[in-house]
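So the structure is just underneath, and the comments pick up after that.
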Amino acid sequence: MARNAVQLQKGLSEAEFDRLYGTEEQCRAVVIKLRWREGFSCPVCGGTSYSEIKTRDLFQCSTCRRQTSPIAGTIFASTKLPLRTWFRAMYHLTQNKQGISSIELGRRLGVRQTTAWMLKHKLQQAMMERDGRKRL
C-alpha cells in the first residue's frame, strides 16, 4: 500500500514557526507575497507602481491613487487581531490530529474563548471552502 505523503510529512516545530512567523512584519510580508505573487497590482486600474502609506499599512496606486490593504478581501479583513495571532491559530489548528477546543486555543493564543472560537470557525470555513472545490 502506498504511503500517504500528506499524513507523513514533517511537521513544523514551534521554534521553526517562531523563526518564520515570529513578528507582525514577517506575517505581513507573507500575506503580501501570497496576495501579489508577481508584485503589486491595483485592483481598480491594474497599475503596478505604488507607494506605501506606513502609518496605515496601505498601498497607494501611483496611477489612480486607490488605497489598498494587503488583507482586504482575505480572511483577515476587518480584524483587530494581529496577523501573528491568526498565524499562531493556524499553526495550532493544523498541528493537532485530534483537533483543539476553542478554550485551549484561547489559552495558547492569550485571547478570550469567544475570540478563539471565531478564529477557529473562520479558519475551518476557509479550509472547507478550499476542499469543497476538489473532487474526491
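The values are calculated or read from the model by the stated rules, or taken from the named source; none is laboratory data. Keep in mind that what you see is a predicted model, and the values were worked out from it rather than measured. Cβ placement follows ideal geometry from the backbone for every residue including glycine, while neighbour counts extend to all protein chains displayed. Accessible surface areas use protein heavy atoms only, side chains included; no ligands, DNA or RNA. Shrake-Rupley method; radii C 1.70, N 1.55, O 1.52, S 1.80 Å.
I'd like the Kirkwood hydrodynamic radius of the range 49-119, using the inverse of the mean 1/r over distinct C-alpha pairs, in Å.
Details: mean 1/r = 0.0711 Å⁻¹.
Hydrodynamic radius (Kirkwood, Cα only) of the range 49-119 equals 14.1 Å.
How far is the Cα center of the range 89-136 from the Cα center of the range 36-51, in Å?
31 Å
Give me the dipole magnitude in Debye, nearest 20, for the range 77-118 about the Cα centre, with unit charges on the beta carbon: positive for Lys and Arg, negative for Asp and Glu.
Numbers: 7 positive and 1 negative charges, 21 e Å.
That gives a dipole near 100 debye.
Please report, in debye to the nearest 20, how large the charge dipole of the chain is about its Cα centre when each Lys and Arg carries +1 at its beta carbon and each Asp and Glu carries -1 there.
On the way: 24 positive and 11 negative charges, 62 e Å.
Rounded to the nearest 20 debye, it is 300 debye.
For the chain, give the percent of accessible area contributed by carbon and sulfur heavy atoms, probe 1.4 Å, rounded to a whole number.
On the way: 5080 of 9920 Å².
Ligands and nucleic acids excluded, carbon and sulfur reach 51 percent.
Could you please tell me the mean projected area of the C-alpha convex hull for the range 14-72, averaged over all directions and given in square nanometres to one decimal? Before the final figure, lay out each step's value.
Numbers: hull surface 17.6 nm².
Projected over every direction and averaged, the Cα hull of the range 14-72 covers 4.4 nm².
Kindly report the accessible area of the range 44-90 per residue (heavy atoms of protein chains, probe 1.4 Å, no ligands, DNA or RNA), in Å².
Numbers: 2850 Å² over 47 residues.
Normalised by residue count, the accessible surface of the range 44-90 is 61 Å².
Kirkwood hydrodynamic radius for the chain: how many Å is it when counted over pairs of different Cα atoms? Mind dumping the intermediate values first?
Details: mean 1/r = 0.0583 Å⁻¹.
One over the average 1/r among Cα pairs gives 17.2 Å for the chain.
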